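We did not get these values from a lab; they are worked out from the coordinates using the rules stated. All figures in this text were calculated on a predicted structure; none of them were measured in a lab. Note that we place each Cβ from the backbone using ideal geometry, even for glycine, and neighbour counts take in every protein chain shown.
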Amino acid sequence: MAGRPELDGAGSFSRSESEFWVCPEASYVHVQTTEVAATAKLQVPVPSTQACTSLASGSRTSEDLLVANRTSEDLLVDLEPELVRGAPVSNILRRFGKEWHQSAGVWRPELSKQTQRYRYFFSHDWKTSGWMKYLTLEIYFNGTAAAVTTCILSLGLGVLGGWRADRPDGWLLPRTAWWVVTGHVGGMLVLFFWQHLRELLLQPRLGFLDRVCIPQDDHEKKYQCVYGLASILDKSEDLIVLWSPRYFGRLWCMYEIACFLMKRKEAHKIKFLPVQISVIWILTYFAVSTTWLTLLLVQRFGSEFFSWHDDQGLMNVALTVALQVCVLYPPLFYFMNQMMYDIAQLPGQLRDFNIHTAQCFCCSNGHEHPVTREPLQCDRELIYGVLQMWSSRGLDATDAEHIQAVVKQHFDRHLAASVEEAFTHTGMLMRPLISAAAIGSLPFMSDFVAYEAVKMVHYGWLSAFTNLGLGLYMLFYMPLFIRFLLLAARVGSLWWTGPCCKCIVIACQALALFLLSVVVIVGYSVCNAVVPRDAWTSPMHPMPMYLLGMMVLGSVILGFRHLCPCRKSVIIGGMPCEDRQWPKKSEAASAHTHAEEPRVLAEPDIVWGESCFGI
């Protein structure tokens, strides 16, 4: 999905000279003018008699399509093979998301190549932040690989740093805090460049991004590609929707979903990625990293920094933790509450969808170009005509109610129920946020392994377990921590627009998280303090091990199961339950429902087979 360049204060486009742009609305087909062209009105080419004859006979050429008024049939023309171009995912994510900004520069054909099929079609609106869309895709494609790499790198550095050589004081690697930094840097490098590394060994996966794959330097080819989106969608395996609250208010965005859903009837291949997850991911990473940094400083350098063996030292530790809660968690909860509130509106947007209120550029500007004042052909009429042809009601695009009924029926039947279930589940965003927690916490495990794991081998395991066990305990606490964040945000979103002040909601959430963390950490520390360090002779002495086992079990049940690669997903990290039985209507209610449906919806060409959406 493409977007629209904005006007600056002088009423002209803030774009470089002689640069063309592809946008989702009528600006798809209206060439952006330079300053000279903006002052002198452009001449609208009138179709010649020969062109009109060729259009009527069906033998339309590319030149005819360029100068003639568009019809709905033009949107269904199959593209020529040379215009079907796809770009590797690494090129779509290159230059730290430069391709997702409207000021991306001149089109570079070497970034894409001719293809027959696409793995991904990226649907989005250009008014949403390019950085948010770019980071969301990096998390979606590279988050798991970055977490796995961080785990392997950190544990490897910890083992090598704690491994004894032949000499009593010899180590394969020096024990230094820089290995913790190395773990963080390695995870981030994989997060941003995993697709580039992957394509060195494996076949690149091709995707369609309008800014990269549509020729920007050739008017004729550009128009053909823009109006051939239906053909491109038909060649795409998955539709990746970079969703924001304004997405379903754009007519061309809805047209792309309708094309994929009505022609392909594969709703399970539509994946909604909320772009707000990019900000949440960054804040979660910093929150987890600072928590682990505090834990490391207290355990390793507590006597130097905090003097935590006396009351004053404990007070300093408590103040440090409280400062983190006051600084990091309020912004995190604010964005999470807002995101959960926004995505809670998506099922309602699908249920209450009205194609008549969807915005398009031509209608918003009174069918007049804002710069040249030339008349614009209505894209809404073209899209209505396509939907009419798919509904087998002829080529009359005036029956708007019928179009609304057809599109609404497909949304309700194939998409709405499953999206509603997935978006209302508290674990739907576990996968990306667990990757943030993993990259933020695992590098610190290299220090715990280097210092404590070696003691279990050379000096006996009981004494070292009390320290290493705390690190493992905190590591497996991370999935429960993320699950609590999502649950708290879910509850907070219910009060987000209520009479309660947002500050009160955030304060209650931060306080609840602080108390939970104190109970979890202090509980384990107290158990460690009361058990003997030399031998366990009572069944109650292994209490720290019991707590660690319970924490591991809880993490597996509530957190790690969302990381299973076999779980299909319509959004990041979640899917509708396979075995959920939706309530069945009674025969009388079913008959009454069918009687109220418009007659046209029962026509054979409209009632297609049931979607293979996994519900």
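Computed from backbone phi with θ = phi - 60° and the Karplus coefficients 6.51, -1.76 and 1.60, the 3J(HN,Hα) list for the stretch 258-263 is 5, 4, 5, 7, 7, 8 Hz; x is used for glycine and proline.
For the pair the stretch 221-237 / the stretch 123-158, the C-alpha centres are spaced 28 Å from each other.
What does the charge count around residue 212 come to, taking other residues whose C-beta lies under 10 Å from its C-beta (Lys +1, Arg +1, Asp -1, Glu -1)?
So the environment of residue 212 carries a net charge of +2.
Diffusion coefficient (Stokes-Einstein, Kirkwood radius over C-alpha pairs, 10 °C, 1.306 mPa s) for the stretch 149-281: 82 µm²/s, rounded to a whole number.
Highest mean packing comes first when the peptides 338-350, 547-559 are listed by Cβ atoms within 10 Å, giving 338-350, 547-559. In order along the stretch 482-487, the Karplus-derived 3J(HN,Hα) couplings, from 6.51 cos²θ - 1.76 cosθ + 1.60 at θ = phi - 60°, round to 5, 4, 5, 4, 5, 5 Hz, and Gly and Pro are given as x. Counted by neighbouring Cβ atoms within 10 Å, the residues 289, 236, 435, 525 run from fewest to most as 525, 289, 236, 435. Rounded to the nearest Hz, the phi-derived 3J(HN,Hα) couplings of the stretch 355-370 under the Karplus curve 6.51 cos²θ - 1.76 cosθ + 1.60 (θ = phi - 60°) are 5, 6, 8, 5, 8, 9, 5, 5, 5, 5, 10, x, 6, 9, 4, x, where x marks glycine and proline.
For 478, 540, what ranking results if the residue with the fewest other Cβ atoms within 10 Å of its Cβ goes first?
Starting with the residue having the fewest Cβ neighbours, the order is 540, 478.
Sorted ascending by nearby beta carbons within 10 Å, beginning with the fewest, 376, 494 become 494, 376. Annotation: for a label point projected 7 angstrom from Cα along Cα→Cβ of residue 320, residues of the stretch 276-301 with backbone N closer than 11 Å are 291-301. Stretching the chain fully between residue 182 and residue 526 yields a gain of 120.6 nm (0.36 nm per residue, less the alpha carbon separation).
Maximal additional length on extending the residue 115-residue 374 stretch stands at 89.6 nm, based on 0.36 nm per residue less the C-alpha distance.
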